[in-house]
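Q: Got a structure for you, questions after.
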Amino acid sequence: MNLMKKRIMSMALLGAIVISGQTMAQDDCISKGKQMFGSKKYKQAVMVLRKCDDSPEARKLLGLAFFELNYMEDAKTYLKKAIENDPDNISLKIKYADAFARNRQFRKGKEEFQKLAEDYPNNLEVKRGLARVSGWNRDYDEAIALYKEILKKDPEDYLSWVQLGVMTSWDKRFAQSVKVFNNILAANPPEDIEIGARLHMAEVLSWMKDFEKAVSEYEKVIEMAPKNPEPYLGKGQVLEWQGKYKKAIKAYEDALQGSPGNKEAKARLQQLMWVK
């Protein structure tokens, strides 16, 4: 074998070793990134995965990690790249559309969900996304109609029932909203759904100036979830509106018992310092 052939073979072997090393490094990067993402350590996942972001898998994980971190501009960038690599992945497309909505680009988010609804007319997750962003865009009639359509196909979709009650209240149909929440409670839903329904209903009742019933609902949630600050804050606000300031102070202090760093409870207590 002449010298030239030896050099060519040597260079080819070296190149193969370099490529193999790069592949192993990329695999290690993605493996660590997946582990961090799976443990919900999203910032650490981003730091790792950015080292191998030319990989389709890394781009997907980066898009999802940025979404969880609420860095929606970065999420959109990487999700778009991930979709280019995997154009049939409906889950990524939903996240991409949702990133616009969660970035308060409601009209654009709605447009993206409308495109998905045309391509995937029977996908309930797409319809849920379109209903949600329609509500955020203040297109309440559309949102309510979509949730009703969803619930015809899936009557046990409790989250959509709750959202139907919320959208109805945002459209100032308060009595209808209370009826929706009462229907949810009558169905004996899971505890987290019951808590959400009661919190929303209490808020609507307070808007209707039915303060006693609102306080009663907040107290039921307190019994169910004594460390949750939300019912204490809601109850305190209603008591303030009633002029029952000392009882409101007690509600805010109770909120701090379960959530010592709660800024809203501290702020409201600060505003009531004048009450003896």
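The values are calculated or read from the model by the stated rules, or taken from the named source; none is laboratory data. Predicted model, so just to flag it, every value in this text is computed and none were measured. Virtual Cβ from ideal backbone geometry, glycine too; neighbours counted across all protein chains shown. Remember, those area values only see protein heavy atoms, side chains included, never the ligands or the DNA or RNA. Shrake-Rupley method; radii C 1.70, N 1.55, O 1.52, S 1.80 Å.
Q: Which order do the peptides 149-155, 227-233 take when ranked by the mean count of other beta-carbon atoms within 10 Å per residue, highest first? Intermediate results must be reported in sequence, preceding the final value.
A: On the way: 149-155: 13.4, 227-233: 20.3.
Those peptides, ordered most packed to least, come out 227-233, 149-155.
Q: Let me ask something else. In a shell of Cβ-Cβ distance under 12 Å around residue 116, excluding residue 116 itself, what net charge do Lys and Arg (+1) and Asp and Glu (-1) give?
A: Values: positive: 93, 95, 110, 115, 127, 128; negative: 98, 111, 112, 118, 119, 125.
Overall, the nearby charge balance is 0.
Q: Still on this structure: Taking the Cα centre of segment 61-101 as origin, work out the dipole magnitude from +1 charges on Lys and Arg Cβ and -1 charges on Asp and Glu Cβ, in debye rounded to 20. Present the calculation step by step, with values, prior to reporting the outcome.
A: On the way: 5 positive and 7 negative charges, 13 e Å.
In total the dipole reaches around 60 debye.
Q: With Rg and Dmax of the Cα atoms in Å as the read-out, I listed [x] 17.9, 53; [y] 18.8, 58; [z] 26.0, 100; which label goes with the value calculated from this structure?
A: Here Rg and Dmax of the Cα atoms in Å agrees with entry [z].
Q: Work out how much length residue 145 to residue 270 would gain on full extension: take 0.36 nm times their residue separation and subtract the Cα-Cα distance, in nm to one decimal.
A: On the way: separation 125, 0.36 × 125 = 45.00 nm, distance 4.28 nm.
Here the segment from residue 145 to residue 270 would lengthen by 40.7 nm.
Q: Quick one: net charge around residue 144, please, counting Lys, Arg +1 and Asp, Glu -1 for every other residue with C-beta under 11 Å from its C-beta.
A: Numbers: positive: 148, 173; negative: 139, 141, 142, 149, 171.
Taking every Cβ under 11 Å from that of residue 144, the sum is -3.
Q: Also: Between residue 256 and residue 216, what FRET efficiency follows from the Cβ-Cβ distance if R0 is 30 Å, with the result rounded to 0.05? Display every interim value, and only then the final one.
A: On the way: r = 23 Å, r/R0 = 0.75.
Efficiency, from the Cβ-Cβ distance: 0.85.
Q: Show me the ranking of peptides 124-136, 35-47 by mean Cβ neighbours inside 10 Å, starting with the highest.
A: Working: 124-136: 21.8, 35-47: 16.0.
Listed from highest to lowest mean packing, they are 124-136, 35-47.
Q: Would you mind calculating the relative contact order of the chain from Cα pairs under 8 angstrom and at least 6 residues apart, reporting the percent as a whole number?
A: Working: 330 pairs, mean separation 18.6, N = 276.
Worked out over the chain, it gives 7 percent.
Q: Going from most exposed to least, what order do 224, 201 have by accessible area with a 1.4 Å probe? Numbers along the way, then the final one.
A: Details: 224 55, 201 5 Å².
Heavy-atom accessible area, descending, gives 224, 201.
Q: From Cα pairs below 8 angstrom and at least 6 apart in sequence, can you work out the relative contact order of segment 74-227, rounded to a whole percent? Walk me through the numbers on the way to the answer.
A: Working: 164 pairs, mean separation 18.0, N = 154.
Averaging sequence separation for qualifying contacts and normalising by length gives 12 percent for segment 74-227.
Q: Give me the number: length gained by fully extending residue 80 to residue 125, i.e. 0.36 nm times residue separation minus the C-alpha to C-alpha distance, one decimal in nm.
A: Values: separation 45, 0.36 × 45 = 16.20 nm, distance 1.89 nm.
Extending this stretch completely gives an extra 14.3 nm.
Q: Quote the FRET efficiency, to the nearest 0.05, computed for residue 209 versus residue 31 with a Förster distance R0 of 41 Å and r equal to the Cβ-Cβ distance. Present the calculation step by step, with values, prior to reporting the outcome.
A: Working: r = 58 Å, r/R0 = 1.41.
Step by step, r from the Cβ atoms, then E = 0.10.
Q: Between residue 73 and residue 182, what FRET efficiency comes out of the Förster formula 1/(1 + (r/R0)^6) with R0 = 51 Å and r the beta carbon distance, rounded to 0.05? Working shown, then result.
A: Working: r = 41 Å, r/R0 = 0.81.
That pair, residue 182 with residue 73, gives E of 0.80.
Q: Could you please report the charge total around residue 265, scoring K, R as +1 and D, E as -1 over all other residues with beta-carbon less than 11 angstrom from its beta-carbon? If you can, show how the numbers build up before the last one.
A: Working: positive: 263, 266, 268; negative: 230, 253, 254, 264.
That sum, taken over residues with Cβ under 11 Å, equals -1.
Q: Ok, one more. Using modelled amide H (1.01 Å from N, peptide plane; none on Pro or chain starts), what sits under 5 Å from the amide H of residue 187, excluding residues fewer than 5 places away?
A: The list, which skips near neighbours in sequence, is empty: none.
Q: Given the protein chains as shown and a 1.4 Å probe, how many square angstrom of residue 161 are accessible, to the nearest 10?
A: 70 Å²
Q: Which whole-Hz ³J(HN,Hα) couplings does segment 177-186 yield from phi under the Karplus relation 6.51 cos²θ - 1.76 cosθ + 1.60, θ = phi - 60°, glycine and proline marked x?
A: Working through the residues one at a time gives 4, 4, 4, 4, 5, 5, 5, 4, 5, 5 Hz.
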